[in-house]
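This report concerns only the one structure given below.
The values are calculated or read from the model by the stated rules, or taken from the named source; none is laboratory data. These numbers were taken from a predicted model, which means no experiment stands behind them. Glycine also receives a Cβ, built like all others from the backbone with ideal geometry; neighbour counts cover every protein chain displayed. To get the accessible areas, we keep the full protein, side chains included, count just its heavy atoms, and leave off ligands, DNA and RNA. Shrake-Rupley method; radii C 1.70, N 1.55, O 1.52, S 1.80 Å.
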Amino acid sequence: MVDAGMNLFDIAGKTALITGGGSGLGQFMAKALAEAGVRVYLVGRRDDRLAASLGDHDGAIFALDLVERGAADHLFDMVSAMDYQPDIIVNAAGINPRRHADEISESDWHYSVDLNLNVPFLVSQKFVPFMKQNGWGRIINIASLQSTRAFENGISYGAAKGGILQLTRAMAEAWSRYGITANALAPGFFPTELTAPVFADQAAAQRLAAATAIGRNGALEDMRGPLLFLASDASGYVTGQSIAVDGGFTAK
(Lines give C-alpha, C1' and ligand atoms only; values in the text may rest on other atoms or scores of the structure.)
Protein backbone atom coordinates (compact mmCIF):
# COMPACT_ATOMS: atom_id res chain seq x y z
CA MET A 1 0.00 0.00 0.00
CA VAL A 2 1.37 3.42 -0.96
CA ASP A 3 1.98 5.79 1.93
CA ALA A 4 -0.22 8.83 1.23
CA GLY A 5 2.18 10.98 3.22
CA MET A 6 5.03 10.14 0.89
CA ASN A 7 2.96 11.24 -2.11
CA LEU A 8 3.08 14.76 -0.72
CA PHE A 9 6.74 14.88 -1.72
CA ASP A 10 6.25 13.42 -5.21
CA ILE A 11 7.31 16.01 -7.80
CA ALA A 12 8.16 13.63 -10.63
CA GLY A 13 7.09 15.09 -13.96
CA LYS A 14 7.32 18.71 -12.81
CA THR A 15 9.59 21.25 -14.52
CA ALA A 16 11.96 23.47 -12.56
CA LEU A 17 13.89 26.57 -13.63
CA ILE A 18 17.08 27.00 -11.58
CA THR A 19 19.18 30.14 -11.87
CA GLY A 20 22.83 29.75 -10.95
CA GLY A 21 22.50 26.10 -11.94
CA GLY A 22 26.11 25.75 -13.04
CA SER A 23 27.78 25.84 -9.65
CA GLY A 24 27.40 25.74 -5.89
CA LEU A 25 24.02 25.38 -4.25
CA GLY A 26 22.23 25.93 -7.55
CA GLN A 27 24.07 23.03 -9.12
CA PHE A 28 23.33 20.76 -6.17
CA MET A 29 19.65 21.71 -6.06
CA ALA A 30 19.32 21.10 -9.80
CA LYS A 31 20.79 17.62 -9.25
CA ALA A 32 18.48 16.94 -6.30
CA LEU A 33 15.41 17.96 -8.27
CA ALA A 34 16.47 15.96 -11.32
CA GLU A 35 16.97 12.88 -9.15
CA ALA A 36 13.41 13.40 -7.88
CA GLY A 37 12.15 13.10 -11.46
CA VAL A 38 11.93 16.81 -12.27
CA ARG A 39 12.78 18.24 -15.68
CA VAL A 40 15.42 20.92 -15.02
CA TYR A 41 16.09 24.12 -16.93
CA LEU A 42 19.46 25.52 -15.85
CA VAL A 43 20.36 29.19 -16.23
CA GLY A 44 23.82 30.69 -15.84
CA ARG A 45 26.59 32.55 -17.59
CA ARG A 46 28.71 29.60 -18.75
CA ASP A 47 27.22 27.01 -21.06
CA ASP A 48 30.02 24.51 -20.33
CA ARG A 49 29.29 24.58 -16.61
CA LEU A 50 25.56 24.29 -17.23
CA ALA A 51 26.03 21.37 -19.60
CA ALA A 52 28.17 19.58 -17.03
CA SER A 53 25.51 20.17 -14.38
CA LEU A 54 22.71 18.91 -16.62
CA GLY A 55 24.61 15.77 -17.63
CA ASP A 56 22.15 13.16 -18.86
CA HIS A 57 19.22 14.53 -16.88
CA ASP A 58 16.05 15.61 -18.65
CA GLY A 59 16.08 19.37 -19.28
CA ALA A 60 17.82 22.21 -21.06
CA ILE A 61 20.40 24.92 -20.47
CA PHE A 62 20.17 28.68 -21.06
CA ALA A 63 23.44 30.59 -21.00
CA LEU A 64 23.07 34.30 -20.28
CA ASP A 65 23.96 36.96 -17.72
CA LEU A 66 20.71 37.66 -15.90
CA VAL A 67 21.92 41.08 -14.76
CA GLU A 68 22.02 42.40 -18.32
CA ARG A 69 19.13 44.65 -19.28
CA GLY A 70 16.31 42.65 -20.84
CA ALA A 71 17.79 39.30 -19.74
CA ALA A 72 14.60 38.17 -17.99
CA ASP A 73 12.61 38.90 -21.15
CA HIS A 74 15.15 37.00 -23.24
CA LEU A 75 15.02 34.04 -20.87
CA PHE A 76 11.23 34.06 -20.97
CA ASP A 77 11.23 33.98 -24.76
CA MET A 78 13.65 31.04 -24.86
CA VAL A 79 11.81 29.02 -22.23
CA SER A 80 8.42 29.79 -23.80
CA ALA A 81 9.62 27.99 -26.92
CA MET A 82 10.10 24.78 -24.92
CA ASP A 83 7.45 22.09 -24.63
CA TYR A 84 7.16 22.49 -20.86
CA GLN A 85 6.93 25.58 -18.68
CA PRO A 86 8.28 25.89 -15.13
CA ASP A 87 6.21 24.68 -12.20
CA ILE A 88 9.08 25.40 -9.81
CA ILE A 89 11.52 28.32 -9.80
CA VAL A 90 14.69 28.22 -7.72
CA ASN A 91 16.42 31.59 -7.60
CA ALA A 92 19.92 30.42 -6.68
CA ALA A 93 22.14 32.76 -8.74
CA GLY A 94 24.23 34.95 -6.46
CA ILE A 95 27.48 36.76 -5.89
CA ASN A 96 29.30 38.20 -2.88
CA PRO A 97 31.94 40.84 -3.77
CA ARG A 98 33.37 40.67 -0.21
CA ARG A 99 34.26 44.36 -0.07
CA HIS A 100 34.34 46.61 2.96
CA ALA A 101 31.75 49.38 3.03
CA ASP A 102 34.55 51.93 2.58
CA GLU A 103 35.86 50.21 -0.52
CA ILE A 104 33.04 48.68 -2.53
CA SER A 105 32.66 50.30 -5.94
CA GLU A 106 29.39 51.53 -7.38
CA SER A 107 29.52 48.89 -10.11
CA ASP A 108 30.12 46.06 -7.60
CA TRP A 109 27.27 47.33 -5.45
CA HIS A 110 24.81 47.43 -8.34
CA TYR A 111 25.84 44.04 -9.74
CA SER A 112 25.51 42.37 -6.34
CA VAL A 113 22.11 43.88 -5.57
CA ASP A 114 20.87 43.22 -9.10
CA LEU A 115 21.84 39.55 -9.13
CA ASN A 116 20.96 38.73 -5.53
CA LEU A 117 17.70 40.68 -5.23
CA ASN A 118 16.37 42.16 -8.48
CA VAL A 119 16.85 39.09 -10.67
CA PRO A 120 14.80 36.73 -8.43
CA PHE A 121 11.81 39.03 -8.76
CA LEU A 122 12.15 39.78 -12.47
CA VAL A 123 12.61 36.12 -13.40
CA SER A 124 9.76 34.91 -11.18
CA GLN A 125 7.39 37.59 -12.42
CA LYS A 126 7.84 36.41 -16.01
CA PHE A 127 6.77 32.84 -15.29
CA VAL A 128 3.99 33.40 -12.76
CA PRO A 129 1.33 33.53 -15.53
CA PHE A 130 2.12 29.90 -16.44
CA MET A 131 1.77 28.90 -12.80
CA LYS A 132 -1.51 30.80 -12.50
CA GLN A 133 -2.88 28.88 -15.47
CA ASN A 134 -2.05 25.61 -13.72
CA GLY A 135 -3.20 26.77 -10.29
CA TRP A 136 0.09 25.48 -8.85
CA GLY A 137 3.59 26.81 -8.48
CA ARG A 138 6.60 26.93 -6.19
CA ILE A 139 9.04 29.85 -5.93
CA ILE A 140 12.10 29.16 -3.82
CA ASN A 141 14.43 32.06 -3.09
CA ILE A 142 17.84 31.79 -1.44
CA ALA A 143 18.27 33.87 1.69
CA SER A 144 21.34 33.77 3.94
CA LEU A 145 22.70 34.15 7.43
CA GLN A 146 23.34 37.69 6.23
CA SER A 147 19.61 38.22 5.75
CA THR A 148 19.46 38.86 9.50
CA ARG A 149 23.07 39.31 10.62
CA ALA A 150 25.89 41.60 9.55
CA PHE A 151 29.15 39.97 8.50
CA GLU A 152 32.50 41.56 7.77
CA ASN A 153 32.88 42.78 4.16
CA GLY A 154 29.32 41.81 3.30
CA ILE A 155 27.45 45.08 2.96
CA SER A 156 26.06 44.67 -0.57
CA TYR A 157 25.40 40.95 -0.20
CA GLY A 158 23.77 41.42 3.20
CA ALA A 159 21.60 44.30 1.99
CA ALA A 160 20.35 42.19 -0.92
CA LYS A 161 19.80 39.07 1.17
CA GLY A 162 17.92 41.10 3.76
CA GLY A 163 15.71 42.25 0.91
CA ILE A 164 15.09 38.63 -0.10
CA LEU A 165 13.12 38.06 3.10
CA GLN A 166 10.72 40.88 2.34
CA LEU A 167 10.60 40.01 -1.36
CA THR A 168 9.57 36.48 -0.40
CA ARG A 169 6.78 37.78 1.82
CA ALA A 170 5.59 40.17 -0.87
CA MET A 171 5.61 37.41 -3.51
CA ALA A 172 3.55 35.24 -1.17
CA GLU A 173 1.03 38.01 -0.63
CA ALA A 174 0.71 38.66 -4.35
CA TRP A 175 0.53 35.12 -5.70
CA SER A 176 -0.35 32.54 -3.04
CA ARG A 177 -4.08 32.86 -3.69
CA TYR A 178 -3.41 31.38 -7.12
CA GLY A 179 -1.80 28.24 -5.71
CA ILE A 180 1.72 29.63 -5.97
CA THR A 181 3.76 29.52 -2.78
CA ALA A 182 6.88 31.63 -2.26
CA ASN A 183 9.42 30.70 0.37
CA ALA A 184 13.14 31.03 1.00
CA LEU A 185 15.90 28.73 2.14
CA ALA A 186 18.54 30.42 4.30
CA PRO A 187 21.70 28.28 4.26
CA GLY A 188 24.41 28.49 6.85
CA PHE A 189 28.01 27.89 5.84
CA PHE A 190 28.27 25.32 3.05
CA PRO A 191 31.38 24.53 1.00
CA THR A 192 30.71 26.21 -2.36
CA GLU A 193 32.60 28.52 -4.70
CA LEU A 194 30.90 31.47 -3.03
CA THR A 195 32.24 30.51 0.40
CA ALA A 196 35.65 29.25 -0.75
CA PRO A 197 37.49 32.15 0.96
CA VAL A 198 35.91 31.15 4.27
CA PHE A 199 36.72 27.44 4.02
CA ALA A 200 40.25 28.22 2.86
CA ASP A 201 40.90 29.40 6.42
CA GLN A 202 40.62 26.22 8.46
CA ALA A 203 40.58 28.04 11.78
CA ALA A 204 37.77 30.34 10.62
CA ALA A 205 35.78 27.36 9.33
CA GLN A 206 36.18 25.62 12.68
CA ARG A 207 35.00 28.72 14.55
CA LEU A 208 31.89 28.86 12.38
CA ALA A 209 31.21 25.17 12.95
CA ALA A 210 31.50 25.72 16.70
CA ALA A 211 28.96 28.54 16.44
CA THR A 212 26.25 26.13 15.29
CA ALA A 213 24.05 24.09 17.62
CA ILE A 214 24.96 20.88 15.75
CA GLY A 215 28.70 21.51 15.84
CA ARG A 216 29.58 21.34 12.15
CA ASN A 217 29.24 23.33 8.96
CA GLY A 218 26.79 22.30 6.28
CA ALA A 219 27.17 19.56 3.68
CA LEU A 220 25.34 20.04 0.40
CA GLU A 221 23.22 16.97 1.07
CA ASP A 222 21.70 18.85 4.03
CA MET A 223 19.83 21.00 1.51
CA ARG A 224 18.00 18.14 -0.18
CA GLY A 225 15.18 17.61 2.32
CA PRO A 226 14.25 21.28 2.81
CA LEU A 227 14.37 21.83 -0.95
CA LEU A 228 12.08 18.90 -1.75
CA PHE A 229 9.71 20.01 1.02
CA LEU A 230 9.33 23.51 -0.43
CA ALA A 231 9.12 22.20 -4.01
CA SER A 232 6.29 19.77 -3.30
CA ASP A 233 2.71 19.56 -2.06
CA ALA A 234 4.11 18.86 1.41
CA SER A 235 4.52 22.63 1.86
CA GLY A 236 1.17 23.58 0.32
CA TYR A 237 0.14 25.69 3.34
CA VAL A 238 3.59 27.22 3.88
CA THR A 239 4.22 30.52 2.13
CA GLY A 240 6.08 33.76 2.77
CA GLN A 241 8.52 31.97 5.07
CA SER A 242 12.28 31.56 5.33
CA ILE A 243 13.66 28.24 6.56
CA ALA A 244 17.13 28.42 8.08
CA VAL A 245 19.24 25.42 7.09
CA ASP A 246 22.15 26.42 9.28
CA GLY A 247 22.66 23.76 11.93
CA GLY A 248 21.21 26.09 14.53
CA PHE A 249 23.67 28.95 13.88
CA THR A 250 20.90 31.55 14.14
CA ALA A 251 19.32 29.79 17.12
CA LYS A 252 22.27 30.58 19.37
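Here is the tail figure for the range 80-195: Cα pairs spaced more than 21 Å apart come to 40 percent of all pairs. The shape of the range 15-124 comes out prolate: with a ≥ b ≥ c from the C-alpha gyration tensor, a/c is at least 1.5 and a/b beats b/c. Distant-in-sequence amide contacts of S242, defined by a placed amide H-H separation under 5 Å and a gap of 5 or more residues or a different chain, comprise A184. For the chain, what is the relative contact order in percent, using Cα pairs closer than 8 Å and at least 6 residues apart in sequence? Value for the chain: 18 percent. Would you please give the FRET efficiency between E68 and N7, computed as 1/(1 + (r/R0)^6) with r the Cβ-Cβ distance and R0 = 41 Å, to the nearest 0.05? Efficiency, rounded to the nearest 0.05: 0.50. Whole-Hz Karplus values for the range 157-168 come out as 5, x, 4, 5, 6, x, x, 4, 4, 6, 4, 4 Hz, taken residue by residue from phi with 6.51 cos²θ - 1.76 cosθ + 1.60 and θ = phi - 60°; glycine and proline positions read x. Could you work out, for the range 122-252, what percent of all Cα-Cα pairs fall into each 5 Å distance bin, beginning at 0 Å and stopping at the bin that holds the largest distance? Over the range 122-252, the share of Cα pairs per 5 Å bin runs 2, 10, 18, 21, 18, 13, 9, 6, 2, 1, 0 percent.
Residue-wise HN-Hα couplings along the range 7-18, as the Karplus relation 6.51 cos²θ - 1.76 cosθ + 1.60 with θ = phi - 60° gives them from phi, are 4, 4, 9, 7, 10, 4, x, 6, 10, 10, 9, 10 Hz; Gly and Pro carry x.
Going through the range 206-252, which chymotrypsin sites (Phe, Trp or Tyr not before Pro) have at most 15 other Cβ atoms within 10 Å and a DSSP loop state? Please report the intermediate quantities before stating the final value.
On the way: sites: F229, Y237, F249; in loops: Y237.
The qualifying sites are Y237.
Among the lysines, which fall within straight-line cross-link reach of K31, defined as a Cα-Cα distance under 21 Å, with same-chain neighbours fewer than 8 residues apart omitted? Of all the lysines, those that pass the test against K31 - Cα under 21 Å, at least 8 places apart if same chain - are K14. Of the three principal axes defined by the Cα atoms of the range 151-208, the extents in descending order read 47, 21, 18 Å. Averaged over its residues, the range 46-131 has an accessible area of 52 Å² per residue, based on protein heavy atoms and a 1.4 Å probe. Restricted to Cα atoms, the range 12-57 shows a radius of gyration and a Dmax of 9.2, 27 angstrom. Relative contact order of the range 199-252, taken over Cα pairs closer than 8 Å and 6 or more residues apart, is 46 percent. At an R0 of 30 angstrom, the distance between the Cβ atoms of Q133 and H110 translates into a FRET efficiency of 0.30. Report the FRET efficiency, 1/(1 + (r/R0)^6), for I214 and R149, where r is their Cβ-Cβ distance and R0 is 25 Å, rounded to 0.05. My answer for the efficiency is 0.90. Our coupling estimate for the range 24-38, obtained by passing each phi through the Karplus curve with A = 6.51, B = -1.76, C = 1.60 and θ = phi - 60°, is x, 4, x, 5, 5, 5, 4, 4, 5, 5, 4, 5, 8, x, 8 Hz, Gly and Pro reported as x. Under 5 Å from the amide H of I89 lie the amide H atoms of L17, R138, I139, I140, each residue being 5 or more positions distant or on a separate chain, with H modelled from the backbone and absent for Pro and chain starts.
In the elastic network of the chain, a GNM with C-alpha springs shorter than 10 Å, the most mobile of E221, E103, E193 is E103. Each other residue within a Cβ distance under 14 Å of R45 adds +1 if Lys or Arg and -1 if Asp or Glu, for a net charge of -4. The equivalent ellipsoid of the chain has semi-axes of 27, 22, 18 Å, largest first, where each one is the square root of 5 times an eigenvalue of the Cα gyration tensor.
Could you work out how much longer the chain between D201 and A101 gets when fully extended? Use 0.36 nm per residue separation minus the Cα distance between them, nm to one decimal.
Numbers: separation 100, 0.36 × 100 = 36.00 nm, distance 2.22 nm.
Additional length available on full extension: 33.8 nm.
With all protein chains in place and a 1.4 Å probe, the accessible surface of the chain carries 52 percent carbon and sulfur.
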